[in-house]
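To start, the structure itself, in structure tokens.
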Amino acid sequence: MVELYGKALSRRQVSERSGMLSQFAGVRLMTLGDGVERGIRMLEFRTGSGLRFTALVDRALDIADCDFKGQAIGWHSPSGFRHPGLHDYEGEAGLAWARSFSGLLVTCGLDHILGREEVPAESYNYPGKKSVVHSLHGRVGTIPARLTGYGETWDGDRCVLWAEGIVQQSAVFGEDLHLLRRVEADVGSNEIRLFDRVVNHGFNRTPHMYFYHVNVSHPLLDEGSRYLAPIRDVVWAGHGGECYQTQKVGYRTVPAPQLGFSEQVWQHEMAADAKGDVPVAVVNDQLGLGFEVVTRKDQLPCAYQWQNFQAGQYALGIEPSTHHVLGNLAARERGEMIWLEHGDSRSYDAAFRVLDGAGAIAACERRIAAIAMQPQEDYPMPSGKFPTLGSAGR
């Protein structure tokens, strides 16, 4: 049955009440037409529950807007949703990625995920290419997808909104990695589901790294909002050492926007539930609104928390990852790089859930606490212990 406006309706009953499903919910293809966004194809999803989000076809089918009953959840940065044709991957000493950084979900990869690094390129068998220079967070998030389908599919009395596409990150004498992405949401639901598969389409042994940069902002993010996660250990903090408490902002509770704020990044070692799921949430108790991100520990064993509370850029990032924050070279040196031969693939599943009301927030908090109790102090001392990655990291 479809839950719409407080009623459980069959497919027939939904049809009786409208000429088209689009009266309540659906997926619509549009093209943005102005400014730096001009020319980007965009799919708008409406589930009928109050959840609306958009997937940018020409930016890896990443999720841009996300709002619930008129309340924004996804982050809009000053860069806007910049057309990929304007992107300069190698610019600004590897930091030009920040000029295309906006939205609820920005995918990072497919062969690099962290800061600028130069790494060996011998696996590509080209004498003129001794190394590869990677810029911040990799290339995939600014590559257009080939849209292979979208629409609404009924399965009995259940209706699924969906879109699929293929993103090709390919070069002569380089990687040939394909991201096959499917985005789903049920009519009447508060949940977005993501199903990704990365395949080595080429014939060279190719490195693979991957993570989701999930960014929430105001009004979900506000003074007093809380970060909830099953943290077993705080491994690392980019602002650690003498600077750890300088800004008087810890990892648990969000402050109001600040002038001159310098970003803070942690890596946490998360515990998983009995099914292998890792839930992380940001909740605003005053609004009765929350947002939960659920990934699998065996697929994305590492997790970062990004805090950018600078006025005008106010955001918090939930960032599940295949690899430690140590980087590309370190992954190779530790024997943790994922190497894909021809036809090899890796799959990633994620769910993004809106928590509507105090009851949903409390239930999420109980679920997370039952897995592991996160540190109760604002400034837990990082252990510096990066666990050896298992099969998900080789």
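Six or more apart or on different chains, Cβ atoms under 8 Å: show the pairs whose first residue is in the stretch 229-240 and without any contact (Cβ under 8 Å) to a residue 12 or more places away in the chain and whose second is open to solvent by 30 Å² or more (accessible area, probe 1.4 Å).
Every condition considered, no pair remains.
Looking at Ser102, Ser131, can you tell me which residue is small (Gly, Ala, Ser) and without any contact (Cβ under 8 Å) to a residue 24 or more places away in the chain? Let's see the steps before the verdict.
On the way: Ser102 fails: without any contact (Cβ under 8 Å) to a residue 24 or more places away in the chain.
That would be Ser131, the only listed residue that is small (Gly, Ala, Ser) and without any contact (Cβ under 8 Å) to a residue 24 or more places away in the chain.
Scanning the stretch 23-41 for residues that are touching a strand residue (DSSP E or B) at 6+ places or on another chain (Cβ under 8 Å) and open to solvent by 60 Å² or more (accessible area, probe 1.4 Å), which turns out nearest to Arg99 (Cα to Cα)?
Step one: list which residues in the stretch 23-41 are touching a strand residue (DSSP E or B) at 6+ places or on another chain (Cβ under 8 Å), which gives 24-32, 39-41.
Among the residues that remain, those that are also open to solvent by 60 Å² or more (accessible area, probe 1.4 Å) are: 28-29, 31, 41.
Working: Arg28: 27, Leu29: 25, Thr31: 21, Arg41: 19 Å.
Checking each candidate, the answer is Arg41.
Inspect the stretch 201-214 for any residue being farther than 21 Å from Ser102 by Cβ, at pLDDT 95 or above and of a type in the set (Gly, Ala, Ser) and give the result as yes or no. Quick ask: steps written out before the conclusion?
Initial filter on the stretch 201-214 (farther than 21 Å from Ser102 by Cβ): 201-209.
Of the ones still in play, those that are also at pLDDT 95 or above are 201-209.
From what's left, of a type in the set (Gly, Ala, Ser): 202.
Yes, because at least one residue in the stretch 201-214 is farther than 21 Å from Ser102 by Cβ, at pLDDT 95 or above and of a type in the set (Gly, Ala, Ser).
Take Gly276 and decide whether it is of a type in the set (Gly, Ala, Ser), open to solvent by 20 Å² or more (accessible area, probe 1.4 Å) and in contact (Cβ under 8 Å) with a residue 12 or more places away in the chain.
On the way: of a type in the set (Gly, Ala, Ser): yes; open to solvent by 20 Å² or more (accessible area, probe 1.4 Å): no; in contact (Cβ under 8 Å) with a residue 12 or more places away in the chain: yes.
No; evaluated as a whole, the condition is false for this residue.
Of all residues in the stretch 215-236, count the ones that are touching a helix residue (DSSP H, G or I) at 6+ places or on another chain (Cβ under 9 Å), of a type outside the set (D, E, K, R) and in a strand (DSSP E or B).
Within the stretch 215-236, residues that are touching a helix residue (DSSP H, G or I) at 6+ places or on another chain (Cβ under 9 Å), of a type outside the set (D, E, K, R) and in a strand (DSSP E or B) number 1.
How many residues, within the stretch 8-18, are under 24 Å from Gly149 (Cβ atoms) and either outside any helix (DSSP H, G or I) or open to solvent by 60 Å² or more (accessible area, probe 1.4 Å) (or both)? Don't jump to the end; show me each part of the working.
The initial filter retains those residues of the stretch 8-18 that are under 24 Å from Gly149 (Cβ atoms), namely 11, 14-15, 18.
From what is left, the residues that are either outside any helix (DSSP H, G or I) or open to solvent by 60 Å² or more (accessible area, probe 1.4 Å) (or both) are 11, 15, 18.
Going through the stretch 8-18 one residue at a time, the tally reaches 3.
Go over the candidates Asp58, Asp88, Asp111 one by one and state the one that is open to solvent by 10 Å² or more (accessible area, probe 1.4 Å) and under 17 Å from the mean Cα position of the chain (by Cα).
Matching residue, one of Asp58, Asp88, Asp111: Asp58.
Would you confirm, using the coordinates I've provided, whether Glu242 is assigned to a strand (DSSP E or B), open to solvent by 20 Å² or more (accessible area, probe 1.4 Å) and more than 27 Å from Gly80 (Cβ to Cβ)?
Criteria not met by Glu242.
Give Gly19, Gly26, Gly50 a once-over and let me know the one that is small (Gly, Ala, Ser) and over 23 Å from the mean Cα position of the chain (by Cα). It would help to see each step written out before you state the result.
Details: Gly26 fails: over 23 Å from the mean Cα position of the chain (by Cα); Gly50 fails: over 23 Å from the mean Cα position of the chain (by Cα).
When all the criteria are applied, what remains is Gly19.
The values are calculated or read from the model by the stated rules, or taken from the named source; none is laboratory data. The structure presented is a predicted model; accordingly, all values stated were derived computationally and were not measured. No Cβ is skipped: glycine too gets one built from the backbone with ideal geometry, and neighbour counts run over all protein chains shown. Remember, those area values only see protein heavy atoms, side chains included, never the ligands or the DNA or RNA. Shrake-Rupley method; radii C 1.70, N 1.55, O 1.52, S 1.80 Å.
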